[in-house]
Amino acid sequence: MDEKNFTPEESLLIISKTIEETRKKIQENGHIIILWGSLIFTVILSQYILELLGLHKKFDIAWTCILFLPGAIYTFFYTWRKSRKNNIPKTILGTIVGAMGWLFGLNGFVLAAIFGDHIGNALAPVLLILLAITTIVIGLSIKFKPLIIGGIVLNLLAIGTFLVNPAYHGFSLMFGAMIGLIIPGILLNIAKKRGNV
Amino acid sequence: MFSDLDPILHSQLRLSIVSILMTVEETSFSFIKDTTKAAAGNVSIQINKLQEAGYITVKKTFKNNYPNTTVSLTEKGRNAFEEYVKNLQKYIHPQK
């Protein structure tokens, strides 16, 4: 870039192009969102299968830990490596998105694994409300409509789940994982490839 | 010609650097170099000029035994950029 005397129009063009270029480089992708949606779906589905086999009580928490713990470790190293390898700068947006994800994960895990008996039949709706808040905030932060819509549907689903027989709460969670995480995550990946986010 | 425009910011590379820093909290020297596609020496000179003007702060540390330069915008730099954009708009839309 030379230091020639350029016009105000050219100045504005430099500003908008640079900001756009920077935004493209720091965008989130849907990889982690799809991963967690799939993990929640798999854990709930497998718990139904374990219940059918009469092994539910024995493996409930252990099975959840087996899948979620490696998921958490993978997420930590994936985001750490990605920011190091791609030289991603620190942004307020990135901090918000990361904090929301980790706060949901940790609180959800503590509620399900430690206070599951205290919270009883309200566990699934409460988890769905937490997930809805996380999804909506992340969607609004990255200005991605499918995540915002997914989050709103999750919130409505959470309220509806209070009215459903607790035996079917697992289906609400699986449906929630599908519409709130997996589908928006896939759409986010497609949009990123097309450069629309 | 454009007397109201801040001469520190009215340089293509310095303007690009400040535009990047308006988007992120802080970033590395190499991210600026990659995004602007400018030569390292030129980026370094312009970063020094912005630092001397008090528009940015530069932190030099070591990361995995390699030197790591981190750059962030100061309040003065942010205000100067906002003022620069306001003045640009006056040139582009003089009736407003």
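Please treat every number below as a calculation from the coordinates, not as lab data. Not measured: the values here are computed from a predicted model. Neighbour counts are summed over all protein chains in view; Cβ atoms, including those assigned to glycine, are modelled from backbone coordinates with ideal geometry.
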Which entries of B:K49/B:K76; A:K90/B:K60; A:K193/B:K59; A:K192/B:K59 show an alpha-carbon separation above 23 angstrom in the structure shown?
A:K193/B:K59; A:K192/B:K59
So what is the relative contact order of chain B, in percent, for Cα pairs below 8 Å that sit 6 or more residues apart?
31
Which of B:S19, B:A80, B:N42, positive extreme of dipole for the range B:12-91 (C-beta unit charges)
B:N42
Magnitude of the Cβ-charge dipole (Lys and Arg +1, Asp and Glu -1) of the protein assembly as shown about the Cα centre, nearest 20 debye, reported as 560
Arrange A:V110, A:V137 by Cβ neighbour counts within 10 Å, fewest through most, would you?
A:V110, A:V137
Quick check: the angle from helix A:92-113's long axis to the longest principal axis of chain A, C-alpha only, nearest 10 degrees?
10
Can you give the Kirkwood hydrodynamic radius of the protein assembly as shown from its Cα pairs, in Å with one decimal?
21.9
Scanning chain A for trypsin sites (Lys or Arg not before Pro) in DSSP loops with at most 13 other Cβ atoms within 10 Å, what's the longest stretch left with none?
A:5-142
With R₀ set to 25 angstrom, the calculated FRET efficiency between the beta-carbons of A:I73 and B:N65, to the nearest 0.05, is 0.45
Between A:L13 and B:E82, what is the label-to-label distance in nm when each label sits 7 Å out along the Cα-to-Cβ direction?
2.8
Per-residue average of other protein chain Cβ atoms inside 10 Å, peptide B:6-19 -> 4
Can you give the FRET efficiency to the nearest 0.05 for A:L106 and A:R194, using r as the Cβ-Cβ distance and R₀ = 30 Å?
0.35
For A:W80 and A:K145, calculate 0.36 nm times their separation in residues minus their Cα-Cα distance, and state this gained length in nm to one decimal.
20.7 nm
Can you pull the Kirkwood radius for the range B:12-91, inverse mean 1/r over Cα pairs, to one decimal in Å?
13.0
Residues whose placed amide H lies under 5 Å from that of B:E26, excluding near-sequence neighbours
A:K90
Most exposed first, judged by fewest Cβ atoms within 10 angstrom, B:D6, B:D34 run B:D34, B:D6
Span from the the range A:67-125 Cα centroid across to the the range A:146-171 one, whole angstrom:
20
Expected integer from the mean partner chain Cβ neighbour count at 10 Å over B:77-89 is 1
Divide by every residue of the protein assembly as shown the summed helix terms, -39500 (n - 2.57) for each DSSP H run of at least 4, and state the resulting mean residue ellipticity at 222 nm, rounded to the nearest 500 deg cm²/dmol.
-23000 deg cm²/dmol
